[in-house]
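Asks: Here it is, the structure in full.
Each reported figure results from applying straightforward, stated rules to the coordinates on display, with no laboratory input. Here the structure is a predicted model, which is why all the values come from computation and not from measurement. Cβ coordinates were reconstructed from backbone atoms using ideal geometry, including for glycine residues, and neighbour counts include every protein chain displayed.
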Amino acid sequence: MSGEEKTLDELEAQAAELRDKRNQLFEQIRKHREERDRLNESTNKLRDEAKKHRDERDRINARVQEIKSRLGPLFEELDEKKEKLSKTERQLEDEYRSRPDKGRVARDLNRIEWEVMTTPTREILGREDELVERASRLRHTLDEYRKLEKQEDKRIDILADKKATEIEIRAIRDEMGKLSEESQGHHEKMIMFYDQADAEKKKADEAHGRYVEKIREVEGVKEEINALMPKIMALRDGMRLADVRVAERRSMSVRQRMEAMRQEALKKLESGGKLTFEDMRLIYGDEDDESEVLDGS
């Protein structure tokens, strides 16, 4: 094997190794691209889930604000009812404080009425008008107490109305608490999905980095192959040219031999010697015939 053939074999072996490396890099590029695309798709799905929880959270928060707006007027209404109740209670307290004890008044009235009914007429004479007047005053006092009892019913109505408003406020607050808790749940899930999406995006970026890195490696391998191929082609062309020249040299040798044999046949012809069939072909035949003569010689 010539030095050029050995060099060509070595260069072609290097080129084959580089092609294998390039093909392996192509496979790695494909895997990194698929991994990147899968992670990007996963990232998009996680962000879609996060957005769903964010939208639901915002919807609930808007509902909370809507409900909360009802509390202001209710608190004002409650303050008015508290003030009205306090005023009524103060009035009742003042009225009760300015009057004698109702039980004592009722006992005094009963005692006078019993005295009037059970005391003989002759014994009550002179005191009857006084007792009747005292009884009238006591009955009037009891009538005033009955009016106060109606005021007490009004106080109870105001108190019940205040309690109803308090219950309504409490119900709204309970509903707001439940909605706020639900909103917080959606908020936490939104954060969780966004965190997962960020982690997936980071992995996707890393996969893309590996993808780009392998592409650069492929470019480097391509450059090495491109640098080898001119050398390989030059050697191949040189060896082909050498083969052509050898063939030409061989062809010239054949023609020289044919010419020498033709000259011998011509000399034989000129001297009147006996010509063989091959001699005739050499003298009168074409190049193909000459080649056959050489092959047969």
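Asks: Provide the net charge surrounding A16, with neighbours chosen by a C-beta distance below 14 Å and charges set as Lys +1, Arg +1, Asp -1, Glu -1. Walk me through the numbers on the way to the answer.
Replies: Numbers: positive: R19, K21, R22; negative: D9, E10, E12, E17, D20, E224.
Neighbour charge sum, excluding A16 itself: -3.
Asks: State which entries of K31/K202; K45/K222; K51/K203; K45/K178 exceed 27 angstrom in Cα-Cα distance in the structure shown.
Replies: K45/K222; K45/K178
Asks: Between E206 and K87, what is the spin-label point distance in nm, taking each point 7 Å from the Cα along the Cα→C-beta axis?
Replies: 7.3 nm
Asks: Obtain the nm distance between the two label points defined at N23 and E166 by a simple spin-label model: each point lies 7 Å from its Cα along the Cα-to-C-beta direction.
Replies: The two pseudo-label positions are separated by 8.8 nm.
Asks: Please arrange T7, T141 by counting, for each residue, the other beta carbons lying within 10 Å of its beta carbon, fewest first. Intermediate results must be reported in sequence, preceding the final value.
Replies: Numbers: T7 13, T141 16.
The order, fewest Cβ neighbours first, is T7, T141.
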